[in-house]
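Here the structure comes first, spelled out in structure tokens, and everything after it is commentary.
The values are calculated or read from the model by the stated rules, or taken from the named source; none is laboratory data. Computed from a predicted structure; not experimentally measured. As a convention, Cβ positions derive from the backbone with ideal geometry for all residues, glycine included, and neighbour counts pool all protein chains shown. Just the protein is used for accessible areas: all its heavy atoms, side chains included, with ligands, DNA and RNA removed. Shrake-Rupley method; radii C 1.70, N 1.55, O 1.52, S 1.80 Å.
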Amino acid sequence: MFKNRFVKQLFNSFLDLVPILAVVLVFQVLVIGQPIPDVARLITGTVFVVLGLTLFVLGLELSLFPLGEAMAHAFARKGSLFWLLTFAFCLGFGTTVAEPALIAIADEAARIAGKGGLIAANPEAQTSYALGLRISVALSVGFAILVGVLRIIRGWPLYYLIIGGYCGVMLITPFAPKEIIGIAYDSGGVTTSTITVPLVTALGVGLATAIKGRNPMIDGFGLIAFASLTPMIFVMAYGMLI
């Protein structure tokens with residue numbers, strides 16, 4: 001069964017990659033008018049990407065999604081709101097602080113800030129700045145998941161939180177340092193990546209399934225949208241504080 005799933009997912013991953021390859025090849029050959037450099041490396045890289053996508057998707061299906069849903073069911077049966085909200089915050093914080101995309105953008109922001117004279121141009125200051133960004137974003141996502149879980153439990157409409165959150169973004173933007181605004185807006189996207197999305201989605205769907213009167217399609221989704229919103233506010237506040 002696993003072998004059949006692997007082969008099927010391998011083929012699906014290749015099909016998902018075909019449009020990207022087609023765009024690159026068409027523009028390289030027809031628009032730029034140059035031959036494709038290092039064809040062997042291109043083929044090798046494509047094989048690695050297809051294999052990586054396949055293993056990643058299978059890993060989500062076999063472990064992360066079932067794990068998130070199982071823990072959501074367990075907390076719902078336990079009936080402890082405190083521990084459920086604590087788990088939601090820790091899950092959001094832990095998955096975000098380990099996000100490779102967030103680590104990369106925080107390090108790049110620290111490097112640029114050092115070159116631009118916003119912070120001291122030494123490794124210690126840049127490391128501290130990057131860590132502060134990561135912690136700010138992780139705290140914001142932990143808070144977002146906590147509020148999102150509370151929304152599922154209470155049955156609050158999602159759009160109330162989203163509209164209120166973006167109003168907060170608009171209110172704080174004029175007061176934030178202009179150097180931090182772009183980083184803050186981008187941080188909302190990089191937080192919702194390979195580690196955070198599967199576990200948070202599984203938590204929301206599992207919790208909405210376990211709670212009587214909740215619809216997994218309506219109430220189970222939306223945590224990711226809120227988790228990409230709060231980092232904008234927290235990072236701009238971080239910029240104002242430092």
Between T46 and K115, take the C-beta separation as r, use R0 = 30 Å, and let me know the FRET efficiency to the nearest 0.05.
0.30
Per-residue ellipticity at 222 nm for the chain, helices alone: DSSP H runs ≥ 4 residues times -39500 (n - 2.57), over residue total, nearest 500 deg cm²/dmol?
-26000 deg cm²/dmol
Selection from G182, I112, S63, by position along the positive dipole direction of the chain (Cβ)
S63
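Using a simple charge model, +1 on the beta-carbon of Lys and Arg, -1 on the beta-carbon of Asp and Glu, nothing else, what dipole does the chain show about its Cα centre, in debye to the nearest 20? All intermediate terms of the calculation are to be shown ahead of the outcome.
Values: 14 positive and 11 negative charges, 135 e Å.
Taking the Cα centre of the chain as origin, the dipole is about 640 debye.
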How much of K78 can a 1.4 Å solvent probe reach, expressed as accessible area in Å² and rounded to 10?
130
A104/N4 FRET efficiency (R0 30 Å; Cβ-Cβ; nearest 0.05)
0.25
Cα pair distances in segment 40-164, grouped into 10 Å bins until the bin that holds the longest one, percent each
11, 25, 28, 24, 11, 1
Highest GNM mean-square fluctuation among F56, F48, F226, for the chain with Cα springs under 10 Å, belongs to F48
Calculated over the chain: convex hull of Cα atoms, volume per residue (Å³)
179
The ³J(HN,Hα) series, computed from each phi in segment 221-237 with the Karplus coefficients 6.51, -1.76 and 1.60 at θ = phi - 60°, rounded to the nearest Hz and given as x for glycine or proline, is 9, x, 5, 5, 4, 5, 5, 8, 8, 4, x, 4, 5, 5, 6, 5, 5
With the 8 Å Cα cutoff and a minimum separation of six or more residues, the chain has a relative contact order in percent of 25
Using alpha carbons only, how many angstrom separate the centre of segment 112-156 from the centre of segment 1-74?
30
Shape box of segment 118-201 [Cα atoms, principal axes, largest first, Å]
49, 31, 16
Of L85, L17, L62, which has the largest mean-square fluctuation in a 10 Å C-alpha GNM of the chain?
L17
At a Förster radius of 30 Å, what calculated FRET efficiency corresponds to the Cβ-Cβ distance of F82 and L131, to the nearest 0.05?
0.55
Short version: ³J(HN,Hα) in whole Hz for each residue of segment 50-56, in order, from phi by Karplus 6.51 cos²θ - 1.76 cosθ + 1.60 (θ = phi - 60°), x for Gly and Pro, what are they?
4, 5, x, 4, 4, 5, 5
Report the label-to-label distance for Y185 and I32 in nanometres (one decimal), using points 7 Å from each Cα along the Cα→Cβ vector.
2.9
Cα-centred dipole magnitude for segment 1-95, charges only on beta-carbon of K, R (+1) and D, E (-1), debye, nearest 20
300
